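**Q** Please find one structure pasted underneath; my questions will follow.
The values are calculated or read from the model by the stated rules, or taken from the named source; none is laboratory data. Keep in mind the model is a prediction, meaning the values are calculated, not measured. As a convention, Cβ positions derive from the backbone with ideal geometry for all residues, glycine included, and neighbour counts pool all protein chains shown.
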Amino acid sequence: MFENLAKWARKKSPWILLFNSGSCNACDIEVIAAVTPRFDVERFGIQVKGSPRHADVLVVTGPVTRQQASRLRRIYDQMPDPKYVVAMGSCGSTGGVFKGLYNVMEGVDKVLPVDAYVAGCPPRPDEIIDGVIAVLGMIESGDGRKRARGKDPIRIERKPLEEVTA
Amino acid sequence: MTDENPMLAAVKKDLGAKAVDVTAPRLKRIIIATTPDAYRDVIKYLQDKMDCYHLSVLQGVDNRTTFEVVYHFWSDRNGMFTVKVALPHDKPAIGTITDIVPAAILYEREVHDLFGIEFPGHPDMRRLLLNDEWPKDEHPLRKDWKMDEKKFYGGVKSSTGGEKVA
């Protein structure tokens with residue numbers, strides 16, 4: 001009974017935390033655009049929070065520089081369970097154009113278990129929302145814990161524009 | 001063409017033996033090659049006589065057999081002056097110019113980080129660009145540098161030995 005209540009509360013108010021791990025800011029701007037009234041993520045209860053202690057979903061942008069990796073890990077450790085990670089953009093997913101450089105870890109999944117990858121450079125706001133909603137589905141089905149150990153993550157790929165605008 | 005450039009002739013005449021080679025690809029663009037013994041005099045000459053109060057950038061160059069430190073000075077009146085100093089490859093070191101050009105303080109730290117060129121006399125030779133855990137004697141912009149897979153370069157120590165965190 002209480003489990004169900006907690007699950008319902010989580011699903012109706014997934015608060016997200018945005019973390020820039022050395023990205024070029026394009027992804028961050030798209031996340032900020034995604035929380036504007038035009039896209040209205042409040043209808044899902046999504047809010048951007050300033051503290052990892054209040055967040056359920058960690059949205060990570062950027063290829064994770066070596067300097068930032070331990071900080072990112074610490075922020076992830078500070079989040080209460082159950083927690084979910086969305087790797088945003090080409091850089092967050094694979095390292096992108098920064099792959100092979102001496103100063104990057106090449107993707108969020110080298111540092112954290114990732115639940116959803118959102119491709120794009122940068123992804124459109126609706127794709128970001130798609131990623132977070134996919135994570136909501138994991139909360140609902142309850143296999144978040146299993147998935148959150150990096151097994152079988154969700155991949156959000158770019159749809160043709162007609163499909164998005166239709 | 002070179003003889004038509006009055007500035008080139010003046011620089012050649014004033015520097016004399018202090019400059020190994022003076023060239024001018026075009027008007028108001030003078031390139032002076034000099035030695036580690038004479039570079040301070042050349043820079044002082046540029047500051048005093050050629051109105052070069054602005055250090056545009058200070059670079060390191062790895063030519064495989066030698067290192068080169070390249071100072072770019074800008075003057076509103078006289079244009080761009082480049083001072084090139086060649087250094088031996090095994091123990092590259094050149095005295096700091098921060099006492100006569102304070103703007104060089106960050107550039108020298110950067111070149112020290114990435115090329116391993118020493119600047120004796122620098123007041124604050126802390127690490128500037130590389131991350132905190134980066135090994136001491138590794139300089140990623142050197143041509144013969146290669147990442148050693150067994151070494152730890154910073155970031156997160158993975159229990160799976162560089163594999164994805166699962």
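**Q** Tell me, please, whether a residue that is part of a helix (DSSP H, G or I), within 14 Å of chain B (Cβ to nearest Cβ) and surrounded by 15 or more Cβ atoms within 10 Å (Cβ to Cβ) can be found in the stretch A:35-58. Please lay out each step first, then the result.
**A** Restricting attention to the stretch A:35-58, the residues satisfying the condition of being part of a helix (DSSP H, G or I) are A:41-44, A:52-54.
Remaining after also requiring within 14 Å of chain B (Cβ to nearest Cβ): none.
There is no residue in the stretch A:35-58 that is part of a helix (DSSP H, G or I), within 14 Å of chain B (Cβ to nearest Cβ) and surrounded by 15 or more Cβ atoms within 10 Å (Cβ to Cβ).
**Q** Search the stretch A:1-19 for residues being in contact with a strand residue (DSSP E or B) (Cβ under 8 Å, 6 or more places away or on another chain) and under 18 Å from A:PHE44 (Cβ atoms), and hand back the single one that is surrounded by the most Cβ atoms within 10 Å (Cβ to Cβ).
**A** Among those residues, the one meeting the criterion is A:ILE16.
**Q** Inside the stretch B:64-110, can you point out the residues that are among the basic types (Lys, Arg) and assigned to a loop (DSSP other than H, G, I, E, B)? Working first, answer last.
**A** Just the residues of the stretch B:64-110 that are among the basic types (Lys, Arg), to begin with: B:64, B:77, B:84, B:91, B:109.
B:ARG64, B:ARG77, B:LYS91 - these are the residues of the stretch B:64-110 that are among the basic types (Lys, Arg) and assigned to a loop (DSSP other than H, G, I, E, B).
**Q** Moving on. With the structure loaded, tell me whether B:ILE117 is at pLDDT 85 or above, touching a Ser or Thr at 6+ places or on another chain (Cβ under 7 Å) and more than 14 Å from every other protein chain (Cβ to nearest Cβ) or whether it fails that test. Reasoning before the result, please.
**A** Values: at pLDDT 85 or above: yes; touching a Ser or Thr at 6+ places or on another chain (Cβ under 7 Å): no; more than 14 Å from every other protein chain (Cβ to nearest Cβ): yes.
So B:ILE117 does not fit the description; no.
**Q** Between A:LYS83, A:LYS11, which is closer than 21 Å to A:LYS110 by Cβ, at pLDDT below 85 and in contact with a Leu (Cβ under 7 Å, 6 or more places away or on another chain)? Talk me through it step by step, then tell me what you get.
**A** On the way: A:LYS11 fails: closer than 21 Å to A:LYS110 by Cβ.
Matching residue, one of A:LYS83, A:LYS11: A:LYS83.
**Q** Still on this structure, please answer the following. From (1) within 14 Å of chain A (Cβ to nearest Cβ); (2) in contact (Cβ under 8 Å) with a residue 40 or more places away in the chain; (3) crowded, with 19+ Cβ neighbours inside 10 Å, pick out the condition that doesn't hold for B:LYS143.
**A** Tallying (1) within 14 Å of chain A (Cβ to nearest Cβ); (2) in contact (Cβ under 8 Å) with a residue 40 or more places away in the chain; (3) crowded, with 19+ Cβ neighbours inside 10 Å, B:LYS143 fails exactly one: (3).
**Q** Search the stretch A:92-146 for residues being within 12 Å of chain B (Cβ to nearest Cβ) and at positive phi, and hand back the single one that is surrounded by the fewest Cβ atoms within 10 Å (Cβ to Cβ).
**A** Out of the qualifying residues, it is A:GLY100.
**Q** Oh, and also: Quick one: in the stretch B:35-81, which of the residues that are among the β-branched types (Val, Ile, Thr) and crowded, with 18+ Cβ neighbours inside 10 Å is nearest to B:VAL11 (Cα to Cα)? Please lay out each step first, then the result.
**A** Taking the stretch B:35-81 and keeping what is among the β-branched types (Val, Ile, Thr), we get B:35, B:42-43, B:57, B:61, B:65-66, B:69-70.
Cutting the leftovers down to crowded, with 18+ Cβ neighbours inside 10 Å gives us B:42-43, B:69.
Values: B:VAL42: 10, B:ILE43: 12, B:VAL69: 20 Å.
Checked the stretch B:35-81; the qualifying residue nearest to B:VAL11 (Cα to Cα) is B:VAL42.
**Q** State whether the residues of the stretch B:147-158 include one that is assigned to a loop (DSSP other than H, G, I, E, B), more than 14 Å from every other protein chain (Cβ to nearest Cβ) and modelled with pLDDT of 85 or more.
**A** First, pick out the residues of the stretch B:147-158 that are assigned to a loop (DSSP other than H, G, I, E, B): B:147-158.
Still in the list and also more than 14 Å from every other protein chain (Cβ to nearest Cβ): B:150.
Filter once more, keeping what is modelled with pLDDT of 85 or more: none.
Looking for residues that are assigned to a loop (DSSP other than H, G, I, E, B), more than 14 Å from every other protein chain (Cβ to nearest Cβ) and modelled with pLDDT of 85 or more, one finds none in the stretch B:147-158, hence no.
**Q** Now for a different question. Select, from A:GLU106, A:GLU42, the only residue that is free of Cβ contacts under 8 Å to residues at least 60 places away in the same chain and farther than 25 Å from B:GLU149 by Cβ.
**A** Result of the check over A:GLU106, A:GLU42: A:GLU42.
**Q** Out of all the residues in the stretch A:64-86, is one or more more than 14 Å from every other protein chain (Cβ to nearest Cβ), touching a residue at least 24 places away in the same chain (Cβ under 8 Å), touching a Cys at 6+ places or on another chain (Cβ under 9 Å) and part of a strand (DSSP E or B)?
**A** Checked the stretch A:64-86: no residue is more than 14 Å from every other protein chain (Cβ to nearest Cβ), touching a residue at least 24 places away in the same chain (Cβ under 8 Å), touching a Cys at 6+ places or on another chain (Cβ under 9 Å) and part of a strand (DSSP E or B).
**Q** Let me ask another. Can B:VAL101 be described as more than 22 Å from A:VAL104 (Cα to Cα) and under 18 Å from the mean Cα position of the chain (by Cα)?
**A** On the way: more than 22 Å from A:VAL104 (Cα to Cα): yes; under 18 Å from the mean Cα position of the chain (by Cα): yes.
Yes.
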